[in-house]
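Structure record follows, encoded as structure tokens.
Readers should treat all values here as calculations from the given coordinates under stated rules, not as data from a laboratory. Model, not experiment: these values are computed from the prediction. Here Cβ is always computed from backbone atoms with ideal geometry, including for glycine, and neighbour counts include all displayed protein chains.
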Ligand SMILES: [Zn+2]
Ligand SMILES: [Zn+2]
């Protein structure tokens with residue numbers, strides 16, 4: 001926020017002066033104290049008026065199926081809260097973003113493009129300050145991951161993490177909760193809604209999108225909706241056949257649930273174009289639509 005920067009810059013200037021102009025000490029410290037008091041009063045005043053500290057979402061991977069020259073497969077991180085959504089190939093980038101000593105990883109389902117990154121966790125766990133990593137997923141997905149991904153012949157050294165069957169509501173950092181809901185996808189997939197006292201987001205991937213789908217009413221009023229959009233509208237039949245989404249219904253879902261902002265992910269990796277799904281069509285329905293790009297940091 002602007003006022004924060006000004007106060008910090010003023011404090012920095014005063015501290016800088018202290019080193020070179022000791023004579024200013026008597027003047028500098030009372031002023032510093034006054035500025036700090038103004039800052040804290042302004043902040044609490046803004047909080048009373050509804051100002052909310054920002055939450056940051058980092059897009060570590062934004063495509064599905066296979067990585068391409070522009071995107072890794074899905075992995076999103078909320079570093080302040082120690083939360084990771086899906087464990088695609090983008091997870092290899094996670095280590096440089098972790099700031100908490102606990103991590104909660106939530107899996108939408110166990111298709112390979114969403115779980116292969118679990119085998120990269122050794123790189124993240126090399127950070128000795130990380131005390132706990134918990135992977136939350138549906139029980140049958142946990143069973144499949146243990147049996148197949150961590151089979152001796154495929155990846156014999158399972159990383160140090162706990163697997164926990166998803167509870168209806170899971171507490172996360174920042175005083176938030178994660179809830180989940182079923183989606184329409186071969187083999188099953190689930191979406192997540194994350195709520196904090198003053199923020200909310202939803203993550204919906206690997207599903208057909210429809211404005212009257214049951215999950216839409218669970219997204220009501222989210223600040224940020226991250227939704228898959230594998231195909232443009234001219235491949236709607238493929239979307240239906242493969243259990244994925246195309247542009248128009250995704251934008252309609254965002255509009256219907258009253259989301260403030262829509263970020264599209266899990267675009268077809270066969271395309272590395274700037275606009276693989278026809279953003280203009282999406283924005284004609286829901287203007288605040290953006291295409292997710294790897295390493296983008298989204299504040300909401
Ligand atoms: Zn996928
Ligand atoms: Zn899938």
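General remarks:
- For a paramagnetic label modelled on residue 169 (point 7 Å from Cα along Cα→Cβ), amide N atoms under 19 Å away belong, within the stretch 195-223, to 195-203, 217-223.
- The distance separating the Cα centre of the stretch 273-300 from that of the stretch 142-201 comes to 26 Å.
- Full extension of the segment from residue 255 to residue 217, taken as 0.36 nm per residue of separation minus the current Cα-Cα distance, would add 12.5 nm.
- Prolate/oblate/rounded label for the stretch 79-211 (Cα gyration tensor, a/c 1.5): oblate
- Each peptide in 142-148, 130-136, 90-96, 114-120 gets a packing score, the mean of other Cβ atoms within 10 Å over its residues, and the list from highest to lowest is 114-120, 90-96, 130-136, 142-148.
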